[in-house]
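The values are calculated or read from the model by the stated rules, or taken from the named source; none is laboratory data. Predicted, not measured: the structure shown is a model, and the values here were computed from it. Cβ placement follows ideal geometry from the backbone for every residue including glycine, while neighbour counts extend to all protein chains displayed.
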Amino acid sequence: MKPRNSAEAAASAVQRHLAPENALQAAAKRGESHVEDGPAIVAGLHAKFCRYSGLPLALRPEFQRLWWDLYVDRGRDADAIGEDVRIVCVYLRSQIERDKRNPGALRLVNLLQPDQFESDVAEARMMRGKGARKAAGASKTVDAAPPGWRAYLEDQYPDHAADYRDKTFNELPGQLQRACREGCRE
């Protein structure tokens, strides 16, 4: 059925653009091979979002379209997009729990806007990297071992000395470290 005027033509074009089935069917007619798996890809991405966000949402047509557009815009790599969805959802949930982000940040219509998704992915990756560096730095603090700590440990705690013979001072339990420090000062 042909549109009668330009308003009907515009409405028809908008309807075709918004309906994911039509977009998938049109792409399939053009011979685009990735389209055959389109509904499964979209459903898989949506399921990952639901799992990681904790929001069990029905896969409505407008969500299908958003997922499909994201899939196409990001190079048709569903695995990479799924990983980005996981990273972003985990990050946003932690930010929401700390009252640093509004719960609306996890709304699917907000999250899947191309510019918003890109910036959320970049921010989540940056913060994840800072957290990893911070944690690694915290665990690498090294206390100076008091001179003669091994001899003191063997003299005062002969039953423990064999267990810690191949360990460094920092690998000793805190109680033994304190005892060695105190004993070596005397």
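Scanning segment 57-80 for residues that are in contact (Cβ under 8 Å) with a residue 24 or more places away in the chain and closer than 18 Å to Ser119 by Cα yields Leu66, Trp67, Asp69, Leu70, Tyr71, Asp73.
Within segment 57-88, the only residue that satisfies the criterion of being among the aliphatic types (A, V, I, L, M), outside any helix (DSSP H, G or I) and surrounded by 13 or more Cβ atoms within 10 Å (Cβ to Cβ) is Leu59.
Of the numbered criteria (1) in contact with a Leu (Cβ under 7 Å, 6 or more places away or on another chain); (2) in a helix (DSSP H, G or I); (3) at pLDDT below 80, the one Asp159 fails is (1).
The number of residues in segment 94-121 being surrounded by fewer than 17 Cβ atoms within 10 Å (Cβ to Cβ) and either among the polar types (S, T, N, Q) or assigned to a helix (DSSP H, G or I) (or both) comes to 14. Residues in segment 47-56 that are in contact with a helix residue (DSSP H, G or I) (Cβ under 8 Å, 6 or more places away or on another chain) and either part of a loop (DSSP other than H, G, I, E, B) or more than 19 Å from Asp115 (Cα to Cα) (or both): how many? Qualifying residue count, segment 47-56: 6.
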